[in-house]
Amino acid sequence: MLTLEGVGKTYANGVHALDAVNLSVGPGEIVAIVGGSGCGKSTLLRAISGLDTPSQGRVLLDGEKVTKPHEKIGIIFQEPRLLPWLTVAGNVGFGLEDRPKAERDARVAEALTRVGLSEKANMWPRELSGGQAQRVAIARALVPRPEVLLLDEPFSALDAFTRVDLQDHLLGLWADTRPILILVTHDVDEAVVLADRIMVMRPRPGRIFDEIAADLPRPRERQSSAFDRVRRHVMAALDRSLKPVAPSDANEAAAFWW
Amino acid sequence: MSLVRMSAAIEPAAQPKQKTGKSVLARWSGPALGLILPLGLAVGWELAVRAGLSNGRLVPPPSVIYATFAELAKTGELQRHAAATLARVVAGFGIGVVVGTLLGAITGYSMLVRRFIDPSLQALRAIPSIAWVPLFILWLGIFEASKVTLIAVGVFFPVYLGVMGAVMSVDRKIVEVGRAFRLSGAKMVRRILLPAVLPAYVIALRSGLGLGWMFVVAAEFMGASEGLGFLLVDGQQLGKPAQIVAAIVAFAVIGKITDWLIVGITAPFLRWEDRFKSPAAEG
Ligand SMILES: Nc1ncnc2c1ncn2[C@@H]1O[C@H](COP(=O)(O)OP(=O)(O)OP(=O)(O)O)[C@@H](O)[C@H]1O
Ligand SMILES: [Mg+2]
């Protein structure tokens, strides 16, 4: 159980990036976060991961406060961020350094098989394609068996086919141990394919604007009318989230009319 | 020759058989091309002296240099002088590398320390290091200590600058991966920072070594009874140009070998590097 209690963040330069976010995610749930650029999605994810500390509020994992990177929380960044001096297998096993070698090797081999890269185990990261590198990054984050996996636009740099392929891979891996997934994305289809719940954020300061349940059966049919209904629901909420609501915002909007 | 190379690069791989033939040629044509000028000059000079066009006293022909070299090697003189010089370079290089690495790592890591000591070190760097020679002799005497110190100063600066720059430019995103896996302190250094700075460190060591060889000559000029630098001075004073050239050749050979040693020892740790490779080297 992951709980956010009034999590806010003001950066050192005075930018109020995040304002009192409350969220509670149950075991095995997949939550997608969508919103315009600069509305604080990455800030929120970094606060949950413990890489940054929130200025207000707190993050609780099973009742325990998260203040620094936690062994039960894994993160996948927008870029693969593989360590270039380690082979593919070395990268996947990076988080298992303190385990016995036999166990480490077995788990790395298993993870590489799951992401379909077992024959690339001894290659260098520079020899991989972008999609393969991101699959290695997913394997690296999942191998320590986290309870929470955070993903910050993990597939946004990839082409549409590779993206769909990796979404399926991710769901397959998730089904093994069913961690909590929190996924930031710009792609509404991706959110609807993967998530149980979709949070729409609103900028300046970043906060949760709307919450949409995507209670479609899995595996999800991208062409079904139910899928389309949820997608249009999310699109509409996104649209509204980017429009000014209060008159006090009107000046600001006028300044950006061009 | 360069035409052959160019056409090999431009032609598509439609004729694989011909292509391998050309790439062998291309691989050797580069070094061969570079050898034509020096070999041509050497042979030309040798012939000119033999033909009596010049007496070759001030610029000895290759055969005389070789004879001098062989003579020096046979009497063991060459080995003794080379060993003395090598010992000075090794000692100075060792000291310069240790101090440069430590200070470079600390200043690269801590902004406070960098602000505190880097300006002073940069100011010292602006002094031509040979200018220290009189002071070092006054402080440390004319024997080994002042020579090794001068070499160490020469080695220190490139190593210090290289390490500081490398530590400062370690990718924040990669460090964050380490943090996400809860690394800190010694583990962060061993698993993230050290491998990340290694390529730049090797370059810093190599330029430090180059300066070490340069400064050993300066150090041996300021009065030595042995060493390759002594052979240079001795050759000048006694009017033996062949001995001077033989010593220069010895410098070149030993300098290159020590450089190869650094490259060879570190190469296994740098196989991962994503470097630019020229098409000829890859083929
Ligand atoms: N390290 C930082 N220091 C100061 N301000 C920051 C920092 N990181 C982000 N911000 C600001 O905080 C706000 C939210 O940034 P954040 O990166 O969380 O947005 P985002 O929703 O992830 O955007 P995108 O979709 O473009 O990735 C932005 O206005 C940004 O300028
Ligand atoms: Mg972001």
Phi-derived 3J(HN,Hα) across region A:207-217 with the Karplus relation (6.51, -1.76, 1.60, θ = phi - 60°), rounded Hz, x for Gly and Pro, is 7, 7, 9, 8, 10, 10, 7, 10, 8, 9, x
Once the dipole of the protein assembly as shown is set up from charges on Cβ (+1 Lys and Arg, -1 Asp and Glu), the residue from the list A:ALA160, B:LEU183, B:LEU140 lying farthest towards its positive end is B:LEU140
One finds, for B:SER169 and B:ALA48 with R0 = 56 angstrom and r their Cβ-Cβ distance, a FRET efficiency to the nearest 0.05 of 0.60
Along the dipole axis of region B:49-270 (charges at Cβ: +1 for Lys and Arg, -1 for Asp and Glu; origin at the Cα centre), the most positive-end residue among B:ALA242, B:ALA126, B:GLY76 is B:ALA126
Expected integer from the mean partner chain Cβ neighbour count at 10 Å over B:177-188 is 5
Measuring from its Cα centre, the protein assembly as shown shows a charge dipole (+1 at each Lys and Arg Cβ, -1 at each Asp and Glu Cβ) which, in debye to the nearest 20, is 740 debye
Bridge orientation stat for chain A from DSSP, antiparallel percent rounded to 5, came to 50 percent
Rounded to the nearest 0.05, FRET efficiency between A:GLU97 and B:LEU270 (Cβ-Cβ, R0 22 Å) equals 0.50
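Shape call for chain B from the C-alpha gyration tensor, a ≥ b ≥ c root eigenvalues: rounded (a/c under 1.5), prolate (a/b greater than b/c) or oblate?
Working: a/c = 2.80, a/b = 1.15, b/c = 2.44.
The shape class here is oblate.
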Partner shielding of B:148-160, taken as the mean number of other chain Cβ atoms within 10 Å, equals 0
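Under the classification rounded if a/c is under 1.5, otherwise prolate if a/b is larger than b/c and oblate if not, where does the protein assembly as shown fall, given a ≥ b ≥ c as square roots of the Cα gyration tensor eigenvalues?
In terms of gyration-tensor shape, prolate.
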Scalar couplings 3J(HN,Hα) for region A:122-128 by Karplus 6.51 cos²θ - 1.76 cosθ + 1.60 (θ = phi - 60°), nearest whole Hz, x for Gly and Pro, are 9, 8, 8, x, 5, 8, 9
Rounded to the nearest 500, the 222 nm mean residue ellipticity computed for the protein assembly as shown from DSSP H runs (n ≥ 4, each -39500 (n - 2.57)) alone is -18500 deg cm²/dmol
Here, B:LYS74 and A:ASN13, labelled 7 Å along Cα→Cβ, have an inter-label distance in nm of 7.5 nm
Length-normalised contact order of region B:49-270, Cα under 8 Å, at least 6 apart, in percent, tallies to 28 percent
Sorted on mean Cβ neighbours within 10 Å (highest first), peptides A:28-36, B:54-62 come out as A:28-36, B:54-62
Quick shape check on chain A: root eigenvalues a ≥ b ≥ c of the Cα gyration tensor, a/c under 1.5 is rounded, otherwise prolate if a/b tops b/c, else oblate, and it reads prolate
So the FRET efficiency between A:ARG222 and A:ASP159, C-beta based with R0 = 22 Å and rounded to 0.05, is 0.85
When B:ILE117, A:ILE76 are ranked with the fewest other C-beta atoms within 10 Å first, the list becomes B:ILE117, A:ILE76
Note: A:79-86 gets an average of partner chain Cβ contacts (10 Å, Cβ to Cβ) equal to 5
Most exposed to least, judged by fewest other Cβ atoms within 10 Å, A:ARG58, B:ARG115 sort to B:ARG115, A:ARG58
By Cβ neighbour count within 10 Å, fewest first, B:HIS81, A:HIS186 rank A:HIS186, B:HIS81
A correct Karplus calculation of ³J(HN,Hα) over region B:230-240, with 6.51 cos²θ - 1.76 cosθ + 1.60, θ = phi - 60°, whole Hz and x for Gly and Pro, returns 5, 4, 4, 4, 4, x, 5, 5, 9, x, 10
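Here, each number is a calculation from the coordinates, and none is a lab measurement. Not measured: the values here are computed from a predicted model. Methodologically, a virtual Cβ is constructed for each residue, glycine included, from the backbone with ideal geometry; neighbour enumeration extends over all protein chains shown.
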